[in-house]
């Protein structure tokens, strides 16, 4: 079945540590997105990518980094500069960015906590 | 700036209808979406409506769009305990490539 796979489901970060969240899709979508979800705040866009080797900052990119070396993969690194990383992280994909006739499809999320 | 607003909570009795409301400040003329999020899971696309429509019905779900008032609603008929979840509306941004999500409405269904 086509879909988006996020791993791990739960992740713990120590002080000063960088951690990487994985997102893989087999939907052949060009566009991929990372969102952060906090209680009562909805979804906030961290980074998005329209195509391989290209990505743009979203609304809350500080303390995060991404790469897009393959169409299928869009990993998110939460760096030590992100002082409040505890949240639920959601990865999504769509056929294209800017084509709002096509919905975004979501993975099952990764919950990141501070140790 | 662009904003999508929803009330945070809704509680209904099993078998009753639920109505979840959403208002948006601006949107390109295109699709508007409703997503459902169950505990600990990602967002699942529930239904959508094109901006030139007033209503769309899909089994127990009815979407109503008042474009003049920028108001979108999702009605769930015969609400079941399995409908308990967070419901997000989403509207495409008018002048960027982004999809703007509301804060989500937590629907609780009690017997």
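We did not get these values from a lab; they are worked out from the coordinates using the rules stated. Please read these numbers as outputs of a predicted model, since none were measured by experiment. Counting neighbours? That spans all protein chains shown, and the Cβs are built from the backbone with ideal geometry, glycine included.
Calculate the translational D of chain B in whole µm² s⁻¹ from Stokes-Einstein, where the hydrodynamic radius comes from the Kirkwood formula applied to all Cα pairs, the temperature is 37 °C and the viscosity 0.692 mPa s.
Working: Rh = 14.0 Å.
For the chosen part, D equals 234 µm²/s.
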Per residue, the convex hull enclosing the alpha carbons of chain A has a volume in Å³ of 98 Å³
Counted neighbours (other Cβ, 10 Å), sorted fewest up, put B:105, B:30 in the order B:30, B:105
Averaged over residues of B:36-45, the number of beta carbons from other chains lying within 10 Å of each residue's Cβ is 5
Using alpha carbon centers only, the range B:17-53 is separated from the range B:67-111 by a whole-angstrom value of 5 Å
Ordered by fewest other Cβ atoms within 10 Å, a rough proxy for footprinting exposure, A:34, B:34 read B:34, A:34
Taking a ≥ b ≥ c as the square roots of the eigenvalues of the Cα gyration tensor, with a/c under 1.5 meaning rounded and otherwise prolate when a/b exceeds b/c and oblate if not, the range A:75-115 is prolate
Cα-based Debye curve of the protein assembly as shown sampled at q = 0.10, 0.13 Å⁻¹ gives log₁₀ I(q)/I(0) of -0.45, -0.76
In Å, the Kirkwood estimate of hydrodynamic radius for the range A:1-68 over Cα pairs equals 13.5 Å
When B:38, A:62 are ranked with the fewest other C-beta atoms within 10 Å first, the list becomes A:62, B:38
The extension gain from residue A:113 to residue A:70, computed as 0.36 nm times the residue separation minus the Cα-Cα distance, is 12.7 nm
